[in-house]
Amino acid sequence: KQKEHEHDEL
Amino acid sequence: MNLFRLVADLSHLASIFILLHKIQTTRSCRGISIKTQLLYVLVFVTRYLDLFTGDFVSIYNSVMKLFFIGSSCYIIYLMRIKYKPTNDPSIDTFRLEYILGPTAVLALIFNYKFTFLEVLWAFSIYLEAVAILPQLFMLQRTGEAETITTHYLAALGIYRGLYIPNWIYRYFTEGGAIDPIAVVAGIVQTALYVDFFYVYFTKVLQGQKFELPA
């Protein structure tokens, strides 16, 4: 299952 | 955080310090595309709006975001005001609308959620992928570059290149998680540096001047 998308990269 | 990502981010930081060093020591922004630098301001401002929405990731993340916004604005100040006479717009002729139009449309179509922040985030990802084009176009036109400028571009290219093994690493360590927008745009962005790196490795790192074949 794909994880919830989060913007943790720069 | 993994080693690829950390070295990538440090390389990104290094690229900015190299660029600042080039401008300050030569007291000139000759050979640097102000259009590319303006696009980076837009990239950082549209991507890092989450600084103000409370979506806190880490101190590292927030400090880096503030640094990228601040330093990119400072570079514009240097180019537009302090060393304005050394900025030659007649060779910086890439049309920005060719970049801004398509990336805005892409962001409206391909985003994770049709919200203000998510559309701007996607826009910043697509924009960053092609923001280097005015700079590469300028290089192509003049056919040569100062060595320090090529080190700047190399550091930027290394930063982008290392994000790819970072995603592969994350895919295997985070249960098959991928960020398709960032990955596709990132691969395109890295591909844009291939030609540059060929000349950088075969000439600049052999001690020669960066010159494109006529």
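Side notes on the structure shown:
- Residues satisfying the stated conditions in the range B:165-182, i.e. touching a residue at least 12 places away in the same chain (Cβ under 8 Å) and buried (at least 16 other Cβ atoms within 10 Å of the Cβ): B:Asn166, B:Trp167, B:Arg170, B:Asp179, B:Ile181, B:Ala182
- Some residue of the range B:191-206 being charged (D, E, K, R), within 14 Å of chain A (Cβ to nearest Cβ) and assigned to a helix (DSSP H, G or I): no
- Residue, farthest from B:Phe17 (Cα to Cα), within the range B:135-190, restricted to residues that are more than 12 Å from chain A (Cβ to nearest Cβ), of a type in the set (Phe, Trp, Tyr) and over 18 Å from the mean Cα position of the chain (by Cα): B:Phe172
- The residue list B:Ile99, B:Ile91 contains one member that is more than 14 Å from every other protein chain (Cβ to nearest Cβ) and crowded, with 17+ Cβ neighbours inside 10 Å, which is B:Ile99.
Yes/no matrix, rows are residues, columns are (1) touching a Cys at 6+ places or on another chain (Cβ under 7 Å); (2) within 24 Å of B:Thr142 (Cα to Cα); (3) not hydrophobic (A, V, I, L, M, F, W, C):
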site	(1), (2), (3)
B:Leu39	no, yes, no
B:Val45	no, no, no
B:Asp55	no, no, yes
B:Ser71	no, no, yes
B:Pro85	no, yes, yes
B:Val105	no, no, no
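- Some residue of the range B:126-148 being surrounded by 20 or more Cβ atoms within 10 Å (Cβ to Cβ) and out of contact with any helix residue (DSSP H, G or I) (no Cβ under 7 Å at 6 or more places or on another chain): yes
- Unique match (being within 14 Å of chain A (Cβ to nearest Cβ), surrounded by fewer than 20 Cβ atoms within 10 Å (Cβ to Cβ) and modelled with pLDDT under 95) among B:Val57, B:Val119: B:Val57
- Residue within the range B:170-177 that is in a helix (DSSP H, G or I) and hydroxyl-bearing (Ser, Thr, Tyr) present: yes
- Of all residues in the range B:117-147 being charged (D, E, K, R) and part of a helix (DSSP H, G or I), the one that is farthest from B:Tyr40 (Cα to Cα): B:Arg141
- Any chance B:Ile76 is surrounded by fewer than 20 Cβ atoms within 10 Å (Cβ to Cβ) and free of Cβ contacts under 8 Å to residues at least 12 places away in the same chain: no
The values are calculated or read from the model by the stated rules, or taken from the named source; none is laboratory data. Predicted, not measured: the structure shown is a model, and the values here were computed from it. Glycine gets a Cβ as well: all are built from the backbone with ideal geometry, and neighbour counts include every protein chain shown.
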